[in-house]
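In what follows, a structure is listed as structure tokens, so that the remarks can point back to it.
Coordinate-derived values only; no laboratory data. Since the model is a prediction, treat every value here as computed from it, not as a measurement. No Cβ is skipped: glycine too gets one built from the backbone with ideal geometry, and neighbour counts run over all protein chains shown.
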Amino acid sequence: MYKIIEKTQLADKIYRMEIEAPDIVKNRKPGQFIILQVEETYGERIPLTMADANPEKGTITIIFQTVGQTTLLLEKKEAGDLLPHLLGPLGKPTHIRKVGTVVCVGGGIGIAPLYPIARAMKEIGNRVIVINGARSRDLVILKDEIDAFADEQIVCTDDGSFGRKGVVTIPLKELCEQGNIDEVIAIGPPIMMKFCAATTLPYKVPTVVSLNTIMVDGTGMCGGCRVTVGGQTKFVCVDGPEFDGHQVDFENMMLRLGAYKEHEEKAAHKCKINSR
């Protein structure tokens, strides 16, 4: 059992949760994720990237958005409650190295897994620019935490209620046009990562994306997370979650994700009715 130490609401349907998991903390590196199950006898297993870790306290931090049945169940948990199953760290960690200037692009909840990566890139000596995108002001998260280490943070909102109005690819293109960008790391909705990769391609800027596919076991056995990268089949849980964004077949990935969307929405609706 894994004890929830603290739970904080960051924005509408977005929560930060600190969980006691000393064995995972010992081996955790930026870019890796965990798979958790909220209830002992029922419910799906979902992957969540670790947004932070505290070796002294033996805790990991996850940030999640309530979008489906399992995250709705997780939302109902409070400090002191226990989670029955927590597996990790999983996946290959981010290749943290000094390259020069790194632009980290986070869309929506994607800024959470991007946060430890951007911080690690800064700690090793890179110049780090973070583009933090959200639909509106009330959904912008981790701004103060990122300001504490980033050389520059550009906040974008779709409706213009905070920061710059527009999508994250607008400032990303501007930075590419200015030159001297050595690497881009993008995490967010698949469509956002697709267009980030398309934006950097003409400028030949290496671009890493962290994929958020359907995942069951996290060991490469189920095949649910398979994607096509450079014409080859890869499994996000063991080969990723990070890949060369210019090589990912986003169309195929989004098609596979769409097949699960209707089922997920129906399950979440049923869960809400049963919880009344």
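Side notes on the structure shown:
- Relative contact order of the range 2-90, pairs being alpha-carbon contacts under 8 Å that are 6 or more residues apart, as %: 40
- Gaussian network model of the chain, springs between alpha carbon atoms under 10 Å - residue of Lys204, Lys29, Lys194 with greatest fluctuation: Lys204
- Distance from the range 136-201 to the range 73-107 (C-alpha centre basis), Å: 19
- Contact order normalised by residue count of the chain, Cα under 8 Å, 6+ apart, percent: 16
- Global size of the range 152-250 as Cα Rg and Dmax, reported in angstrom: 15.1, 44
- For the range 2-90, the equivalent ellipsoid built from the Cα gyration tensor has semi-axes of 19, 14, 13 Å, listed from largest to smallest.
- Using a cut-off of 19 Å between Cα atoms, the listed pairs Lys13/Lys122; Lys173/Lys194; Lys122/Lys143; Lys7/Lys76; Lys57/Lys122; Lys98/Lys122 include Lys13/Lys122; Lys57/Lys122 as exceeding that distance.
- The base-10 log of I(q)/I(0) for the chain, evaluated at q = 0.07, 0.10, 0.16 Å⁻¹, reads -0.24, -0.50, -1.36 [Debye formula, identical scatterers on Cα atoms, solvent excluded].
- Average Cα contact separation per residue, the range 46-100, under 8 Å, 6 or more apart, as relative contact order %: 19
- Using a Förster distance of 41 Å, the FRET efficiency for Arg164-Leu87 (Cβ separation, nearest 0.05): 0.60
- Here the alpha carbons of the range 101-210 define both size measures, Rg and Dmax, at 12.4, 35 Å.
- Each peptide in 115-126, 74-85 gets a packing score, the mean of other Cβ atoms within 10 Å over its residues, and the list from highest to lowest is 115-126, 74-85.
- Computed across the range 47-174, the Kirkwood radius stands at 16.1 Å (inverse of mean 1/r, all Cα pairs).
- Based on DSSP H segments of at least four residues, each scored -39500 (n - 2.57), the chain has a per-residue ellipticity at 222 nm of -8500 deg cm²/dmol.
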